[in-house]
Amino acid sequence: MAEHAAEHAAYPVGLRLSGRRVVVLGAGQVAQRRLPALLAAGADVLLVSPSATPSVEAMADTGELRWERRHYRPGDLEGAWYALISTDDPEANAAASREAEERRVWAVRSDDAEAATAWTPATGHSEGVTVAVLTGRDPRRSAAVRDAVVEGLREGSLAAPHHRARTKGVALVGGGPGDPDLITVRGRRLLAEADVVIADRLGPRDLLAELPPHVEIIDAAKIPYGRFMAQEAINQALIDHAKAGKAVVRLKGGDPFVFGRGMEEAQALAEAGIPCTVVPGISSTISVPGAAGIPVTHRGVAHEFTVVSGHVAPDDERSLVDWPALARLRGTLVVLMGVGNSAAIAATLMAHGRSGDTPAAVVQEGTTAAQRRVDATLATLGETVRAEGVRPPAVLVIGDVVAVTPGSTAK
């Protein structure tokens, strides 16, 4: 991207400097900012300066560049493809510029952009994309435009899908607890590049409205499953769309591997020979209590927190949870999918020794605009859930941390 108010605009180009000589004159702050990119490009860097900043000196000490501790002298640009002139001596800079002109070496001048034959753009990177912005004499504007473009690419709000070398397969993306801003940067970018999105009901639905019209959005709850169980039908849908050459995102609430059946889907994809990328998400186990002002741990109050699924009642033979052991713990208990069984869970914990006075809270639709917190004790939890009409999705938090407030004093 280029913009210049002079008669002729600069011609933007990407220099391939790997193995080619680049001469840097001066080793102050300008060189310190520019050298990492030159080294990352594989340039053979010759640094000429009587002194250097500690960071630049470290680059020389580790052998990343060759440093000659002296002032510039004519002939230093021999064999160079590119030069960065940034000494604090205007006469030396002017002399080096004249040599660069004579030798036809593109040169950047840190002290006089108009006298330079090249300008350094504001650059940024995102997933293999290099963004370079020139705005003539306004470097701050260049940086602002660069930041806006890079941020858009990283978060997915600026869609730039691959067209030549895009890896097909499935990405299992954790969408976070509900607030669309809480999806990871990588998750949002993969959504922007998807051809097909298979979404859960509890995923961040607002993100789906941002997708381009060509993206096929499939509600996982409405996939026909006939002779298949629902999860098997979802697995098959992922496989079928991926085999059709589509970039598929499986968008889940929270984290794919926290009660999300993500591993079942990853295993099915592996058996079908389909590449799978797992993008972790912010789990509601800690984010929802946190959004409601409840720390799952707190110094002097709780040194551990335990997460369990409450979708199966404690007395159900299918339950894999050791409820008597949980009742003996002193820390925080976080229960997901436990609204329907809240009374039974509370009764079981009390029957095995957990005090009925233990503070408890239920956070419904955490991190969203509809979030609400209802407080109770373990003894009153089931009745409170019923009386307040609490509905899923909601997180139960049981433990002394529920009573911790910003005004509390650490012990």
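The values are calculated or read from the model by the stated rules, or taken from the named source; none is laboratory data. Since this is a predicted model, take the numbers as computed values, not measurements. Positions of Cβ are generated from backbone atoms using ideal geometry, with glycine treated the same way; all protein chains shown enter the neighbour counts. Ligands, DNA and RNA are excluded from the accessible area calculation, which covers all protein heavy atoms including side chains. Shrake-Rupley method; radii C 1.70, N 1.55, O 1.52, S 1.80 Å.
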Exercise. Given only helices, namely DSSP H runs of n ≥ 4 each adding -39500 (n - 2.57), what is the per-residue ellipticity at 222 nm of the chain, to the nearest 500 deg cm²/dmol?
Worked result: -8000 deg cm²/dmol
Exercise. Based only on the alpha carbon positions, what is the Kirkwood hydrodynamic radius of the stretch 256-297, in angstrom?
Worked result: 12.1 Å
For this session: Quote to one decimal, in nm, the extra length available between SER355 and MET229 on full extension: 0.36 nm per residue of separation minus the C-alpha distance between them.
Result: 41.3 nm
For this session: Pop out the Kirkwood hydrodynamic radius of the chain from its pairwise C-alpha distances, inverse of mean 1/r, in Å to one decimal.
Result: 26.0 Å
For this session: Would you tell me the accessible area of ARG141, worked out with a 1.4 angstrom probe on the heavy atoms of the protein chains, in Å² to the nearest 10?
Result: 110 Å²
For this session: With +1 on each Lys and Arg Cβ and -1 on each Asp and Glu Cβ, and nothing else charged, work out how big the dipole of the stretch 249-370 is about its Cα centre, in Debye to the nearest 20.
Result: 320 debye
Exercise. At a probe radius of 1.4 Å, what is the per-residue accessible area of VAL339, in Å² to the nearest 10?
Worked result: 20 Å²
Exercise. Sorted by accessible area (1.4 Å probe), largest first, how do HIS8, HIS303, HIS352 line up?
Worked result: HIS303, HIS8, HIS352
Exercise. From the square roots a ≥ b ≥ c of the eigenvalues of the alpha-carbon gyration tensor of the stretch 307-411, which class results: rounded (a/c under 1.5), prolate (a/b over b/c), or oblate?
Worked result: oblate
For this session: Enumerate by residue number the GluC sites (Glu not before Pro) in the stretch 302-411 meeting two conditions: DSSP loop (anything except H, G, I, E, B), and at most 10 other Cβ atoms within 10 Å of the site's Cβ.
Result: GLU317
For this session: Give the shape of the stretch 65-113 as rounded, prolate or oblate, defined through the alpha-carbon gyration tensor: a ≥ b ≥ c are the square roots of its eigenvalues, a/c under 1.5 means rounded, and otherwise the shape is prolate if a/b is larger than b/c and oblate if not.
Result: rounded
Exercise. Given 5 Å bins starting at zero, what is the percent of C-alpha pairs of the stretch 212-282 in each, up to the one with the largest pair distance?
Worked result: 3, 15, 26, 27, 21, 7, 1
For this session: Count neighbours as other Cβ atoms within 10 Å of each site's Cβ, and list the trypsin sites (Lys or Arg not before Pro) in the stretch 198-304 that are DSSP loop with at most 14 such neighbours.
Result: ARG201, ARG227, ARG299
Exercise. On the first, second and third principal axes, largest extent first, how far apart are the outermost C-alpha atoms of the stretch 165-278 in Å?
Worked result: 36, 33, 23
